[in-house]
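This report refers to the structure that appears directly beneath it.
The values are calculated or read from the model by the stated rules, or taken from the named source; none is laboratory data. It should be emphasised that the depicted structure is a prediction, and the values quoted were computed from it without experimental measurement. Neighbour counts are summed over all protein chains in view; Cβ atoms, including those assigned to glycine, are modelled from backbone coordinates with ideal geometry. Surface accessibility is based on the protein's heavy atoms, side chains included, excluding ligands, DNA and RNA. Shrake-Rupley method; radii C 1.70, N 1.55, O 1.52, S 1.80 Å.
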Amino acid sequence: ISTRNRPVSHLYCTVRNPAMVLQFYETSCLREELQSAEGLIEEGTAVRIVGEERDRAVLFTWSGNRRSPRSRSQGETVAFVGIREAGVACCQLQVLFEHYEDAVIVGASVNAARSLLGFTTVAEPAQEYSQAGLGDKIYSSYVAEISPQGRCFALDVDRTHYQRVQFLYVATSGKRATTESHMLFMLHGENIGLYTFSLSHPPGSESGMALQSSPRVSEVCKAFHWYQWDAEHQRLYVVCFKPKQPEGLLEPAILSFEFLHDKPLTVVGVHTADIEVQLFLTGYDCT
């Protein structure tokens, strides 16, 4: 979509990931909000929707001139991630994160406390990869501190196939609601991991939140062929293949995972259901 006036009554967008179902508002409303947000986004700037959370907050990204006062090269084109909170007054859009380069951000997720942002970028391969015949684009994922904006950490899992990050909105209370966050990392065709982050106030400060240490990582699911994330019910559905006894042949199965608020966080109910229809998964692009 674009901030230019267009005679379109509703928003239609192609989402690369079928798990990301965006229930958004009319294009005319978004267009008015973007144009009314003085100094946020220049007129004519292309805006891409890259995420929606359980609380209906919508994440979007665009490229623009660097604005951070800490920057050594203000005016350079970089990528931004913004948020439109659900239920707030019109025109209240907020910049969550300013990337250090003009990256193409294809997916993003923010935690409930608005202290961490996860996002995925796609880039052309480096020259050495191109010369080696590995010409596919490279996907990379990151986690950044945004309360206030601080450090940005790479997950260091660069691949030529799609990946996605998704923060969980589990029911927590007390101190844990702000000092602990959980994030799913879907690495297409390989595995799904659960990252647990611990946060605290920076040294000498009573405001803001920063990561304490490296995240704890556990495996939710091994190799899979397709997934869908249900943000409203915090459930993950996965299609994979399991051995069929006694023949030992592989047959398709659907696994469902539900993430609850127990302490520690638990993965509940791995439900397996046989798929009666034939699945044509060879060469299927589930991004």
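What to note about this one:
- Between residue 253 and residue 156, the modelled labels are 3.3 nm apart [label points 7 Å from Cα along Cα→Cβ].
- Between residue 207 and residue 113, the modelled label-to-label distance comes to 1.7 nm, taking each label 7 Å out from Cα in the direction of the beta carbon.
- Descending principal axes extents, region 149-217, alpha-carbon based, whole Å: 42, 27, 18
- In this label model, residue 65 and residue 176 are separated by 4.8 nm, measuring between points 7 Å along each Cα→Cβ vector.
- Rounded to the nearest 10 Å², the accessible area of residue 222 at probe 1.4 Å: 140
- Zone residues, region 167-211, relative to residue 138, backbone N less than 20 Å from point 7 Å out along Cα-to-Cβ: 186-190
- In a DSSP loop and with at most 13 other Cβ atoms within 10 Å, the GluC sites (Glu not before Pro) in region 142-226 are 206.
- Within the accessible area of region 118-257 (1.4 Å probe), percent carbon and sulfur: 51
- Multiplying the residue separation of residue 232 and residue 218 by 0.36 nm and subtracting their alpha-carbon distance yields 2.7 nm.
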